[in-house]
1. Residues that are without any contact (Cβ under 8 Å) to a residue 60 or more places away in the chain: find the strands (runs of 3 or more DSSP E) completely inside the range 108-210 holding 2 or more of those.
2. In this structure, does L258 turn out to be surrounded by fewer than 22 Cβ atoms within 10 Å (Cβ to Cβ) and within 16 Å of E161 (Cα to Cα)?
3. G119 - would you say it is of a type in the set (G, A, S), crowded, with 21+ Cβ neighbours inside 10 Å and within 27 Å of R286 (Cβ to Cβ)?
4. What is the one condition in (1) closer than 30 Å to G22 by Cα; (2) at pLDDT 95 or above; (3) touching a His at 6+ places or on another chain (Cβ under 8 Å); (4) within 15 Å of the ligand (Cβ to nearest atom) that G160 does not satisfy?
5. What tally of residues in the range 140-150 results from selecting those that are more than 12 Å from the ligand (Cβ to nearest atom), surrounded by 18 or more Cβ atoms within 10 Å (Cβ to Cβ) and either within 26 Å of T11 (Cα to Cα) or over 17 Å from the mean Cα position of the chain (by Cα) (or both)?
6. Could you list all residues from the range 62-78 that are of a type in the set (G, A, S) and either more than 19 Å from the chain's Cα centre (by Cα) or closer than 23 Å to T175 by Cβ (or both)?
7. Just to be sure I understand, how many residues within the range 163-196 are under 14 Å from the mean Cα position of the chain (by Cα) and either of a type in the set (K, R) or within 13 Å of the ligand (Cβ to nearest atom) (or both)?
8. When the residues of the range 1-38 are narrowed to those that are of a type in the set (S, T, N, Q) and not in a helix (DSSP H, G or I), which ends up surrounded by the most Cβ atoms within 10 Å (Cβ to Cβ)?
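The values are calculated or read from the model by the stated rules, or taken from the named source; none is laboratory data. In this text the structure is predicted, and so the values were computed from the model without any measurement. Cβ placement follows ideal geometry from the backbone for every residue including glycine, while neighbour counts extend to all protein chains displayed.
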Amino acid sequence: MAFVGIDLGGTQLRVAVADDRGRLRTVVRHPTEAARGSQHVISRIVAAVAEALEEDGTAARRVRALGIGLPGPVDPVAGLVISPANLPGFRNVPLNRILTRATGIPSYLYHDAHLAALGEHRRGVARGASEMIYVTVSTGIGAGLLLHGELYAGAHGIAGEVGHIVVQRDGPLCTCGNRGCLEAIASGTGIARAACESAPGTPGSALHGLEHPHAEDVARAARAGDELANAILENAGTYLGLAMGNLVNLFNPQLIVLGGSVLKAGTPLLGPMRRSMNAASWKASRRGLRIVRPVLGDDVGLIGAVEFARLRARHARQA
Ligand SMILES: [Zn+2]
């Protein structure tokens, strides 16, 4: 028997066929073409599943379950895609029902960041951890929680929105409409925005004169000793640490898996993060806590989607 895992992002659609132990056998990747709307994207998903199965030499009836991760908010219980910002046209789309009907495979959706957490927990660096928090800081901030070794998604699948913890009252505007969310400050987008705002008034900085400084420009300038760049990363790191300290107090995790492209900034970000996390959390809550890097790389979402399909197939059998 086989499983299908799908990682549906705003730019890329990946589909994997995995064996009954969850090992990826065949992977196909295509552009999502999200701008063309939900009907178009759904037909691309169905076609990519057919292509992956054909390439793998597996008939759809040999597939036990299909797991699909996509950006939140989603309602996994109702099988609904609610309204992901980077998938225009998806509004309360009953994707479980649509994919089950179109592929003939029982299909289950979930929030992609939660599935990445599940992937690291089942097959990556977090194997065996009981209480674990997964946070990835790149363009946005994604996160997932595993409590007692199980995914924790809240009443409607929306839990774990670490990026939207408000850390600064009246702070910068976030994509969610609130102000002062962690994502608006410490994500790649937040760091780039801070650089855009402060570079024009800082003629001595390497960032001065760059038309659209990116988070990578800030990291590079900081490494070269640029004061403004270091201040921006210190600010981002401090707020990231504040949020993490609060998570530590709330969940007393044994493991935090912390990844994403923004962390490549290194010490100018991570030093302030550590200090701020320690200041914001109880020593007793941090006892034995390990902070580690993820190990699964780009396919983490696919691996998580396959693991979710295996999980759901097991539940379906028990039910
Ligand atoms: Zn927000």
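1. The strands (runs of 3 or more DSSP E) meeting that bar are 141-147, 150-152.
2. yes
3. So G119 fits the description; yes.
4. In the conditions (1) closer than 30 Å to G22 by Cα; (2) at pLDDT 95 or above; (3) touching a His at 6+ places or on another chain (Cβ under 8 Å); (4) within 15 Å of the ligand (Cβ to nearest atom), G160 misses (2) alone.
5. Looking only at that region, the number is 4.
6. Hits for the range 62-78 are A65, G69, G72, A78.
7. 4
8. Ranking the candidates gives T32 first.
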